[in-house]
Amino acid sequence: MKLLVTGGCGFIGTNFVYLMSKRHPDWTIINLDKLTYAGNRLNMLPLEKKPEYHFVHGDICDPEIVSSTIEEFGVDAVVNFAAESHVDRSINDPSPFITTNIQGAQNMMECARRAGIERFVHVSTDEVYGTLEMDDPAFTEETPLAPNSPYSASKASADFFARAYFETYNFPVCITRCSNNYGPYQFPEKLIPLMFIKANAGEKLPVYGDGQNVRDWIYVDDHCTGVELTLLRGTPGKAYNFGGASELSNIDLVRRLLKQMGKDESLITYVKDRPGHDRRYAMNFELAEKELGFTPEYSFEEGLSKTLEWYKNNSQWLEKVRSGAYRDFMDKWYGERQ
Ligand code: NAD
Ligand code: DAU
């Protein structure tokens, strides 16, 4: 298998590339990444020496780089992780979300279609379904898309393009929709690494609104397994939900994190809510269980301990990312910059 992964220098992409190169040492993995603020090529240093791994610095919106990469490496299959991924950034400025998440995703499908690629996984999110009340049943793949943020609107648009590419061109695309991931290499703008940094520094932990918003948390390796199963066994044209069966309110999560770190709850501070803040996400992933054999392996307790342990042991990674020093380091190391 010659697998093109986009966004492999981001959080989930990094974990996915490592897991796949461990599970499938015979696969060639080509990682195409623009190296935005969220992309860190240094994550991949141990793999860069291996002949089965290749890095291409490029934008998924650029038809030339995508087509030439597919041609040069004789790509068989594509997993598209590349995206602008942070909801708060999308509220500040939706434009890059439209460019990368919609135009970029469409460009990836178009280049892959022209090249006759037979397997394409488009990585989407549970946020495309909108929000749930506390007693609503979980989202299924039949739940109508009702995005509430510029981020989720851009992801939902790409999902519609994927659907259209299947219906119009019989393009072999599957969509994955997963809940909130956590684990190693997550950029510290997201809840868990942000709270870890702040708690460590003895700073206030900013909880939005009343802290009662609920997310379903999944350890990143479980999501990666879901993407792998979709790649290997998914039915073209279908979307698959993935979740961790771990619904928690934000305040409950932050309290557990503080407890595990041995820090005091007095660090918690309630701040102004995120506009359009979805109240609750919950995933019904019975289809993935039945058709793909998916089941999340990690409980939240296990996943959180592994994650906190990783951040504790990789404080330099976190510090470099937080301060932006990884950019200079990356320049020095590779002599290039986006
Ligand atoms: P991330 O922000 O950590 O990483 C995104 C990666 O994409 C970075 O390496 C970045 O450099 C790259 N990238 C961005 N724009 C690009 C472009 N135009 N061309 C090429 N590369 C580009 O994101 P993540 O949290 O790892 O999320 C990966 C995917 O999974 C996204 O599609 C996201 O919507 C989806 N997702 C994320 C979660 C989550 O909890 N993080 C949950 C469900 C789905
Ligand atoms: O559900 C899947 C989605 O999960 C992915 O599609 C997104 O790419 C990913 O960023 C994530 O989105 P969220 O908005 O749910 O994640 P975030 O970590 O930003 O926030 C999680 C919850 O915590 C959310 O309810 C907002 C809240 N929050 C977040 C931050 C950063 C706080 O209360 N305080 C904070 O400082």
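The values are calculated or read from the model by the stated rules, or taken from the named source; none is laboratory data. As the structure is a prediction and not an experimental result, all values here were calculated from the model. Note that we place each Cβ from the backbone using ideal geometry, even for glycine, and neighbour counts take in every protein chain shown.
What tally of residues in the stretch 194-209 results from selecting those that are within 9 Å of ligand 2 (Cβ to nearest atom) and either surrounded by 22 or more Cβ atoms within 10 Å (Cβ to Cβ) or assigned to a strand (DSSP E or B) (or both)? Full working, then the answer.
Quick first cut of the stretch 194-209, residues within 9 Å of ligand 2 (Cβ to nearest atom) only: 194-195, 198, 205-209.
Now drop any that are not either surrounded by 22 or more Cβ atoms within 10 Å (Cβ to Cβ) or assigned to a strand (DSSP E or B) (or both), which leaves 195, 205-208.
Summing the residues that are within 9 Å of ligand 2 (Cβ to nearest atom) and either surrounded by 22 or more Cβ atoms within 10 Å (Cβ to Cβ) or assigned to a strand (DSSP E or B) (or both) in the stretch 194-209 gives 5.
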* Name, by its number, the condition in (1) surrounded by fewer than 18 Cβ atoms within 10 Å (Cβ to Cβ); (2) farther than 25 Å from residue 224 by Cβ; (3) in contact (Cβ under 8 Å) with a residue 12 or more places away in the chain; (4) polar (S, T, N, Q) that does not hold for residue 131. => (1)
* Asked: Taking interchain pairs and intrachain pairs at least six residues apart, which have beta carbon atoms under 9 angstrom, with the first residue in the stretch 1-22 and without any contact (Cβ under 8 Å) to a residue 60 or more places away in the chain and of a type in the set (Ser, Thr, Tyr) and the second assigned to a helix (DSSP H, G or I) and more than 16 Å from ligand 2 (Cβ to nearest atom)?
  -> 18/43; 18/44; 18/46; 18/47; 21/47
* To do: Can you give me the number of residues within the stretch 134-154 that are in contact (Cβ under 8 Å) with a residue 40 or more places away in the chain and either among the basic types (Lys, Arg) or not in a helix (DSSP H, G or I) (or both)?
  => 9
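Report yes if residue 273 is modelled with pLDDT of 95 or more, acidic (Asp, Glu) and touching a Phe, Trp or Tyr at 6+ places or on another chain (Cβ under 6 Å), otherwise no.
Values: modelled with pLDDT of 95 or more: yes; acidic (Asp, Glu): yes; touching a Phe, Trp or Tyr at 6+ places or on another chain (Cβ under 6 Å): yes.
Yes.
Are any of the residues in the stretch 169-187 over 19 Å from the mean Cα position of the chain (by Cα), surrounded by fewer than 19 Cβ atoms within 10 Å (Cβ to Cβ), away from ligand 2 (no atom under 11 Å from the Cβ) and outside any loop (DSSP other than H, G, I, E, B)?
Filtering the stretch 169-187 down to residues over 19 Å from the mean Cα position of the chain (by Cα) leaves 169-172.
From the residues that got through so far, the ones that are surrounded by fewer than 19 Cβ atoms within 10 Å (Cβ to Cβ) too are 169-170.
With away from ligand 2 (no atom under 11 Å from the Cβ) added as a condition, the list becomes 169-170.
Okay, now just the ones that are also outside any loop (DSSP other than H, G, I, E, B), so 169.
Yes: the stretch 169-187 contains one or more residues that are over 19 Å from the mean Cα position of the chain (by Cα), surrounded by fewer than 19 Cβ atoms within 10 Å (Cβ to Cβ), away from ligand 2 (no atom under 11 Å from the Cβ) and outside any loop (DSSP other than H, G, I, E, B).
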* Asked: (1) surrounded by 13 or more Cβ atoms within 10 Å (Cβ to Cβ); (2) within 24 Å of residue 80 (Cβ to Cβ): which one isn't true of residue 307, the others all being true?
  -> (2)
